[in-house]
Amino acid sequence: MRIGVPKEIKAKEGRVALVPPAAGEMVKAGHDVILQSGAGEGAGYPDEEYRRIGARIVPDARSLYGEAQMVLKVKEPLESEYPLLRPDHILFSYLHLAADPRLTQTLRDVGLTAVAFETVDVGGRLPLLAPMSDIAGRLAIHTGATLLHSHNGGRGVLLGGLASSERGRVVILGAGVAGGSAAAAAAQLGAQVTVFARHRDSLERMHALGANVTALPSWAEPVERAVLEADLLIGAVLVPGAKAPRLVTAEQVRRMKPGSVIIDISIDQGGCIETIRPTTYEEPTYIYEDVVHFGVTNMPGAVPRTASQALSTVLTPFVLRLASVGSAGVARDPLLASGLNVAGGRIVHPRVAESVA
């Protein structure tokens, strides 16, 4: 199969779906790997490294999409890429269609086969989403700690505090990979951390992170109480394929402390905080009711080399499998079927269908 890797065009997005060693595995398996010139440069991989492992380099996106049978991307196609999509393409990428009705309709109109990284489910786990969620969780704490600086509009709080001062209060909604990673990073900094989750096993994992971590069920009253006391509020709620449920209202945000910070990792799926909206790394924040909001939809793009290596590691066996079964075999494949979102002009993933109805 001709596997095409275009250059990502989302703002400040330097990730690439395949690092050179991973691309080399595709070539060894007999596939034709085609990269748009410069696709790997943002992650520190020049064209020459891909040439050395047997990949072909084409000059522009039109050439890439024109030759490829499978389009392997990191982020969803943007509007300028829509005309390059064909009915015979297999699109394999993060898609987050529940939060993007226009892209969903475009993929239906084109009639291609769209497989989303974030809904590939193996035994109740999301292996293609997990490494990016891990990175996003860690970045949420790093970013939040910086946004709390007074010159960034924050309260002027050091998350870990000092012997003579209070610890910063971090509240995290969700204890999956992203929420758990954020909780661990915040605990290591010495913050006072409160994590909300639905299941006891998740609460036990969070409680075990340290004496400065409190794990509570996601009931409305304790969530509201914690939100109003938070210095840093992190949304990390995920329902695979569906829009994120709204757990924090605009009225609650209005009552938060001036200069507190909100980072909603679930923004790709619409966000779990009512006042959040998508932003980019070019303009990552905005102020609403004296609260700093950060809604960047490609958080791991800030560390493209690390993120590309992590993504390629988990992605490689799935790309090889998809290249083997082709568009006709995806729905019958036990590892890939859950990732199938759109096929033949129809939305075939139940949660995506419900979200965009």
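Overview of results
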quantity: Flag for ALA98 being of a type in the set (A, V, I, L, M), modelled with pLDDT of 95 or more, assigned by TED's automatic domain parsing to the domain that holds LYS7 and in contact with a helix residue (DSSP H, G or I) (Cβ under 8 Å, 6 or more places away or on another chain); calculated: no
quantity: Scan of segment 21-31 for residues that are over 16 Å from PHE92 (Cβ atoms) and either crowded, with 20+ Cβ neighbours inside 10 Å or free of Cβ contacts under 8 Å to residues at least 24 places away in the same chain (or both), ordered by number; calculated: LYS28, GLY30
quantity: Only one of ALA226, ALA244 that is touching a Leu at 6+ places or on another chain (Cβ under 9 Å), over 22 Å from LEU95 (Cβ atoms) and outside any strand (DSSP E or B); calculated: ALA226
quantity: Count of residues meeting criterion [farther than 17 Å from SER218 by Cα and either touching a strand residue (DSSP E or B) at 6+ places or on another chain (Cβ under 7 Å) or in a strand (DSSP E or B) (or both)] in segment 160-181; calculated: 3
quantity: Strands (runs of 3 or more DSSP E) wholly inside segment 255-311 that include at least 3 residues being of a type in the set (A, V, I, L, M, F, W, C) and modelled with pLDDT of 95 or more; calculated: 261-264, 291-294
quantity: Residue count for segment 268-312, restricted to those that are surrounded by 24 or more Cβ atoms within 10 Å (Cβ to Cβ), among the aliphatic types (A, V, I, L, M) and touching a residue at least 40 places away in the same chain (Cβ under 8 Å); calculated: 5
quantity: Condition met for VAL237 (under 26 Å from VAL296 (Cα atoms), β-branched (Val, Ile, Thr), out of contact with any Pro (no Cβ under 8 Å at 6 or more places or on another chain) and at pLDDT 95 or above); calculated: no
quantity: Residue within segment 190-202 that is in contact with a Gly (Cβ under 6 Å, 6 or more places away or on another chain) and under 22 Å from HIS142 (Cβ atoms) present; calculated: yes
quantity: Per-region count, segment 122-156, residues within 25 Å of VAL223 (Cβ to Cβ), assigned to a loop (DSSP other than H, G, I, E, B) and in contact with a helix residue (DSSP H, G or I) (Cβ under 9 Å, 6 or more places away or on another chain); calculated: 4
quantity: Selection from segment 332-357 of residues that are at pLDDT 95 or above and either polar (S, T, N, Q) or in a helix (DSSP H, G or I) (or both); calculated: ARG332, ALA337, SER338, GLY339, ASN341
quantity: Given (1) under 29 Å from GLU354 (Cα atoms); (2) touching a helix residue (DSSP H, G or I) at 6+ places or on another chain (Cβ under 9 Å), index of the condition ALA220 fails; calculated: (2)
quantity: Of the criteria (1) farther than 16 Å from HIS31 by Cα; (2) surrounded by 20 or more Cβ atoms within 10 Å (Cβ to Cβ), which one ASP47 fails; calculated: (2)
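The values are calculated or read from the model by the stated rules, or taken from the named source; none is laboratory data. Computed from a prediction, not measured in an experiment: that's the story for all the values here. In this analysis, Cβ positions are derived from the backbone assuming ideal geometry, glycine residues included, and neighbour counts consider all displayed protein chains.
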